[in-house]
Amino acid sequence: MIEIRNLHVKIADTDTMILNGVDLTVKAGEVAAIMGPNGSGKSTLSYVMAGKEDYEVTEGDILLNGESILEMEPDERAAAGLFLAFQYPVEIPGVPTMNFLKAAMNSQRKARGQDEFTTPEFIKKVKDAAGRLGISMDMLKRSLNTGFSGGEKKRAEILQMSLLEPKFCVMDETDSGLDIDALKVVSDGVNALRSPERAFLVITHYQRLLEHIVPDSVHVLYKGRIIQSGGKELALQLEEQGYADIIAKAA
């Protein structure tokens, strides 16, 4: 599904290295979790995968189903099946959420050589998906994320993910700012999308998210490289003991 090979990344137009040889493979059907202290490069990894221009890959590659995505534009990566859920979803005043969803869905279908949804088809898909996430149609008439609570923004992103049906989903600290009820709704939405044909990379600081979205593997990122990998029990160890011992062993 996704293979990251010896990935080195710096901030564009500087000599500041952020990622220093990341190697990671996530197979179809798997959920991998990335944990690590602040400043370790977790969000940078997600941005580079999505194609954010602020970073420069100096070495290595990222393959999606065997094909390098580094030369693809962000919209091409999305059409190929990559989805990024942001830690802080952007507000877009003046653009109704429904309009945004329809444009995104039909743009991807066009890129994949599929027919665009008719308006009745689109409305039915949105209503069904929104109902499962506890999202009202009134909320979807509002400008995208404008005036939304933290929980509403994250639900709206999970709705986008549900409708776009990506192959590989990157969740960048999706639990940030969520109360326990919103966390459960978001986690249920993610779990409903788990399938043998789809994989997830969940980036988080806390074990609490991984109690709801149980990972197949956990990887510790520190100073731009993965210093330890393990099963879900590694997240429990980090919650109880912190990162000090693992960092000391890797030094």
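The values are calculated or read from the model by the stated rules, or taken from the named source; none is laboratory data. Since this is a predicted model, take the numbers as computed values, not measurements. Neighbour counts are summed over all protein chains in view; Cβ atoms, including those assigned to glycine, are modelled from backbone coordinates with ideal geometry.
Would you list the helices (runs of 4 or more DSSP H) that sit entirely within region 116-197 and hold 2 or more residues that are within 17 Å of residue 96 (Cα to Cα)?
In region 116-197, 119-132, 137-141, 150-164 are the helices (runs of 4 or more DSSP H) which contain 2 or more residues that are within 17 Å of residue 96 (Cα to Cα).
Considering only residues that are within 30 Å of residue 58 (Cα to Cα) and free of Cβ contacts under 8 Å to residues at least 40 places away in the same chain, which ones fall in region 194-246?
227, 228, 229, 230, 244, 246
Hey, any hits in region 217-230 for a residue that's in contact with a His (Cβ under 7 Å, 6 or more places away or on another chain), crowded, with 17+ Cβ neighbours inside 10 Å, more than 22 Å from residue 97 (Cβ to Cβ) and at pLDDT 85 or above?
Checked against the condition, which is being in contact with a His (Cβ under 7 Å, 6 or more places away or on another chain), crowded, with 17+ Cβ neighbours inside 10 Å, more than 22 Å from residue 97 (Cβ to Cβ) and at pLDDT 85 or above, region 217-230 yields at least one hit.
Tell me yes or no: at least one residue of region 110-120 is surrounded by 14 or more Cβ atoms within 10 Å (Cβ to Cβ), at pLDDT 85 or above and under 20 Å from residue 193 (Cβ atoms).
So far as region 110-120 goes, yes, one or more of its residues are surrounded by 14 or more Cβ atoms within 10 Å (Cβ to Cβ), at pLDDT 85 or above and under 20 Å from residue 193 (Cβ atoms).
Can you find a residue in region 69-86 that is part of a loop (DSSP other than H, G, I, E, B), over 19 Å from the mean Cα position of the chain (by Cα) and farther than 18 Å from residue 161 by Cβ?
yes
As an exercise: evaluate residue 52 against (1) under 26 Å from residue 212 (Cα atoms); (2) in a loop (DSSP other than H, G, I, E, B); (3) under 17 Å from the mean Cα position of the chain (by Cα) and give the number of the one condition it does not meet.
Evaluating residue 52 over (1) under 26 Å from residue 212 (Cα atoms); (2) in a loop (DSSP other than H, G, I, E, B); (3) under 17 Å from the mean Cα position of the chain (by Cα) leaves (1) as the failure.
Can you pull out every residue in region 132-156 that is buried (at least 20 other Cβ atoms within 10 Å of the Cβ) and within 19 Å of residue 181 (Cβ to Cβ)?
Correct list: 135, 153, 154, 155, 156.
So which residues in region 174-196 are crowded, with 22+ Cβ neighbours inside 10 Å and of a type in the set (Asp, Glu), if there are any at all?
175
In the set 199, 129, which member is of a type outside the set (Lys, Arg), under 29 Å from residue 67 (Cβ atoms), surrounded by 17 or more Cβ atoms within 10 Å (Cβ to Cβ) and in contact with an Asp or Glu (Cβ under 8 Å, 6 or more places away or on another chain)?
Sole residue among the options that is of a type outside the set (Lys, Arg), under 29 Å from residue 67 (Cβ atoms), surrounded by 17 or more Cβ atoms within 10 Å (Cβ to Cβ) and in contact with an Asp or Glu (Cβ under 8 Å, 6 or more places away or on another chain): 199.
Provide a single number: the residues in region 198-218 that are closer than 23 Å to residue 38 by Cβ and either aromatic (Phe, Trp, Tyr) or assigned to a loop (DSSP other than H, G, I, E, B) (or both). Don't jump to the end; show me each part of the working.
Within region 198-218, the first condition is being closer than 23 Å to residue 38 by Cβ, and the residues that meet it are 200-213, 215, 217-218.
Among the residues that remain, those that are also either aromatic (Phe, Trp, Tyr) or assigned to a loop (DSSP other than H, G, I, E, B) (or both) are: 200, 204-206, 213, 215.
Of the residues in region 198-218, 6 are closer than 23 Å to residue 38 by Cβ and either aromatic (Phe, Trp, Tyr) or assigned to a loop (DSSP other than H, G, I, E, B) (or both).
For region 97-106, name all the residues that are farther than 12 Å from residue 156 by Cβ and either surrounded by fewer than 15 Cβ atoms within 10 Å (Cβ to Cβ) or more than 20 Å from the chain's Cα centre (by Cα) (or both).
Correct list: 99, 102, 103, 106.
Does residue 57 satisfy the criteria of being part of a strand (DSSP E or B) and surrounded by fewer than 19 Cβ atoms within 10 Å (Cβ to Cβ)?
Judged against the criteria, residue 57 is a match.
Against the definition (touching a residue at least 12 places away in the same chain (Cβ under 8 Å), surrounded by 21 or more Cβ atoms within 10 Å (Cβ to Cβ), on the phi < 0 side of the Ramachandran plot and of a type in the set (A, V, I, L, M)), how does residue 250 come out, yes or no?
It is false that residue 250 is touching a residue at least 12 places away in the same chain (Cβ under 8 Å), surrounded by 21 or more Cβ atoms within 10 Å (Cβ to Cβ), on the phi < 0 side of the Ramachandran plot and of a type in the set (A, V, I, L, M).
Looking at (1) assigned to a strand (DSSP E or B); (2) hydroxyl-bearing (Ser, Thr, Tyr); (3) surrounded by 21 or more Cβ atoms within 10 Å (Cβ to Cβ), which one does residue 46 not meet, given that it meets all the others?
Looking at each condition in turn, residue 46 falls short on (1).
Go through region 219-237 and count every residue that is assigned to a helix (DSSP H, G or I) and more than 24 Å from residue 182 (Cα to Cα).
Step one: list which residues in region 219-237 are assigned to a helix (DSSP H, G or I), which gives 232-237.
Filter once more, so that each one left must be more than 24 Å from residue 182 (Cα to Cα): 233-234, 237.
So the count comes out to 3.
Consider residue 25 against the criteria (1) touching a residue at least 40 places away in the same chain (Cβ under 8 Å); (2) within 27 Å of residue 207 (Cβ to Cβ): it satisfies all of them except one. Which criterion is unmet?
In the conditions (1) touching a residue at least 40 places away in the same chain (Cβ under 8 Å); (2) within 27 Å of residue 207 (Cβ to Cβ), residue 25 misses (1) alone.
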